[in-house]
1. What is the calculated FRET efficiency for VAL30 to VAL61, with r their C-beta to C-beta distance and R₀ = 25 Å, to the nearest 0.05?
2. Can you tell me the length gained on complete extension of the stretch ARG165 to SER76, counting 0.36 nm per residue apart and subtracting the Cα distance?
3. Starting from the Kirkwood Rh over alpha-carbon pairs, what translational D in µm² s⁻¹ does segment 241-288 have by Stokes-Einstein at 37 °C and 0.692 mPa s?
4. Restricting to Cα pairs below 8 Å that are 6+ residues apart, what does the relative contact order work out to for segment 139-178? Please round to a whole percent.
5. Give me the accessible area per residue for segment 233-315, probe 1.4 Å, as a whole number in Å².
6. May I ask you to rank VAL397, VAL152 by accessible area, largest first, using a 1.4 Å probe over the protein chains only?
7. What shape does segment 241-396 take by its C-alpha gyration tensor, where a ≥ b ≥ c are the square roots of the eigenvalues and a/c under 1.5 counts as rounded, a/b above b/c as prolate, and the rest as oblate?
8. Taking segment 276-356 on its own, what percent of its Cα-Cα pair distances exceed 14 Å?
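The values are calculated or read from the model by the stated rules, or taken from the named source; none is laboratory data. Owing to the predicted nature of the structure, the values given are computational and were not obtained by experimental measurement. Here Cβ is always computed from backbone atoms with ideal geometry, including for glycine, and neighbour counts include all displayed protein chains. Side chains are part of the model used for accessible areas, which takes the heavy atoms of the whole protein and leaves out ligands, DNA and RNA. Shrake-Rupley method; radii C 1.70, N 1.55, O 1.52, S 1.80 Å.
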Amino acid sequence: MVRVLTYLLVIAALAAGAVWLADRPGEVSVLWQGYRIETSVAIAAIGVILLAFLALVVWAVLRFVLGLPSAFSFASRARRRARGFEAVSRGMVAIGAGDPIAAGRHAHDARKFAAEEPLTLLLEAQTAQLSGDRGRAEAAFKAMLDKPETRVLGLRGLFVEARRRGDMAAARAFADEAVRRSPSLAWANDALLDFHTGAGDWQAARTAVERRAALRLADKAEAKRQRAVLLAAEALEAKGREPEKALAAALEAVKLAPGLTPAAALAGRMLSERGDIKKAARLLETAWKEASHPDIAAAYLDVRPGDSARDRLGRAETLTKLRPADPEGVLALAGAAIHAQDFARARATLKPLLAGGASVRVCLLMAELEEAEHGAAGRVREWLARATRAPRDAAWVADGLVSDHWLPVSPISGRLDAFVWTVPPATLGRPAADLDDVLADLDESAPLLEGRAETAAPVEVVPETAAAPTATVIEAVPVAPAPAPPQPAPGAKPEIKAEAKPETKPEPVAEPKPEPAAAAPAEAAANSGKPAAQGRPAPVVFPVAHAPDDPGPEQAPPEEPKGRFRLFG
């Protein structure tokens with residue numbers, strides 16, 4: 001609409017000018033080189049316009065003729081530039097596809113048609129990296145340092161190549177230079193943080209963390225947690241030579257992250273050593289509410305040196321009240337009850353954990369309980385054997401590494417705050433122990449494992465011609481050897497056939513006393529002088545319940561009357 005109005009206004013102005021000239025006629029006289037030209041004003045104006053138009057045409061023709069060489073040169077450069085960008089584009093696609101041959105071909109074309117372009121240098125560097133030519137890649141990255149727009153990119157490439165060949169000093173220098181030129185580079189700040197933590201320079205690492213937080217390269221919660229971890233690492237390192245500095249760092253770490261177990265346990269123990277019992281107890285209770293851990297429980301139980309076992313049991317009860325039904329609190333309470341010789345309380349405390357599948361620590365506590373209460377070596381060995389097969393407890397895990405203590409940096413990847421308190425995934429899925437057997441051993445009325453037996457199933461002797469079914473072999477140890485029985489008839493070799501029984505632990509029963517009427521077949525055969533039925537005498541077999549790793553008695557048993565057998569737990 002504006003264009004139409006402008007067009008109409010121009011036409012109206014021309015028309016008004018023509019009418020104005022027509023209303024005011026006049027004469028124009030030109031005398032040049034002896035010639036005199038006289039005409040009207042209107043014709044003179046039209047002549048001036050025509051002369052101006054002709055001058056413009058002549059100037060355009062001259063300019064076109066004179067600019068033909070430059071035009072041809074510009075068109076050639078444009079075509080070369082277009083072909084260079086096309087080669088760069090195709091080369092990047094080839095690199096993404098993992099085709100080093102095609103990438104090298106396109107890099108050659110890009111270098112031929114667009115050698116000065118920054119993207120050409122990047123294509124050459126990545127092609128060399130894809131082909132494994134590290135020297136050519138470094139040369140391309142060094143060439144990038146000469147151009148302001150590619151200088152930081154060249155530093156990144158040189159940093160990667162230096163770290164790849166293991167030259168950490170050069171890699172750190174490149175990262176420092178990159179941060180100096182562009183402080184907001186995330187990769188350079190992360191690299192400097194890794195270098196500081198790997199070298200154990202916790203103060204410089206904290207400076208790097210604060211710089212990352214100021215540049216918003218990390219969120220506030222992450223930066224706060226990382227500062228707490230670095231303070232905890234500094235406290236653990238200085239606790240031996242500078243206890244005041246270590247305590248200050250541990251308290252600041254706990255303030256930033258109350259659930260950071262190493263800092264809380266260290267601060268609690270150091271406050272306890274200084275005699276500040278109330279502050280240590282409050283700090284450990286706060287940490288326990290955030291995250292239950294055996295180190296915090298141990299520090300809390302030992303918060304007042306010289307306390308009795310009953311006092312430690314009372315503090316264990318306080319922990320269980322802070323986090324009811326927490327497994328770590330249950331284990332701490334059971335251990336304190338064992339030390340206080342409250343064995344019934346210990347058994348009642350451990351029973352829920354056994355119902356869910358006994359872990360290694362639970363089995364070890366049960367072994368300690370059996371040793372402390374009964375001194376039963378058989379039961380202790382049984383629980384220790386179960387511990388070797390039980391599921392693992394939680395531990396410090398980072399990058400597939402399981403550690404018995406916390407570390408601020410993963411020794412595998414060098415990552416800060418990599419260790420977490422969890423169950424190692426590789427140990428999950430192990431079949432748990434038989435719950436019935438585990439719970440049965442918690443019953444105080446059950447007799448000790450030694451001497452547990454029940455009456456055996458009858459044993460029958462069959463000739464060799466009969467097919468014997470698969471049997472569960474139950475081994476018995478005779479105390480006194482029976483006299484040699486008469487040899488059977490030739491060709492009639494008997495074998496013992498035992499009835500198969502499920503592999504379940506027998507219920508605890510009292511040891512049966514041998515009766516005179518129930519004499520063994522071997523003894524009866526020896527007294528009567530007659531051979532046993534069609535073969536050697538069949539011994540009386542008792543199923544023996546003992547620990548899976550129990551090899552038997554350490555010394556030979558005393559001799560007993562002929563025909564009796566001794567049971568081993």
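1. Computed FRET efficiency for VAL30 and VAL61 comes out at 0.40.
2. 27.7 nm
3. Values: Rh = 10.3 Å.
My calculation gives 320 µm²/s for D.
4. The normalised contact order for segment 139-178 reaches 33 percent.
5. Values: 3900 Å² over 83 residues.
Computed with neighbouring chains in place, this is 47 Å² per residue.
6. In descending accessible area the options line up as VAL152, VAL397.
7. Values: a/c = 2.22, a/b = 1.85, b/c = 1.20.
In terms of gyration-tensor shape, prolate.
8. Here the long-distance tail beyond 14 Å is 58 percent of all Cα pairs in segment 276-356.
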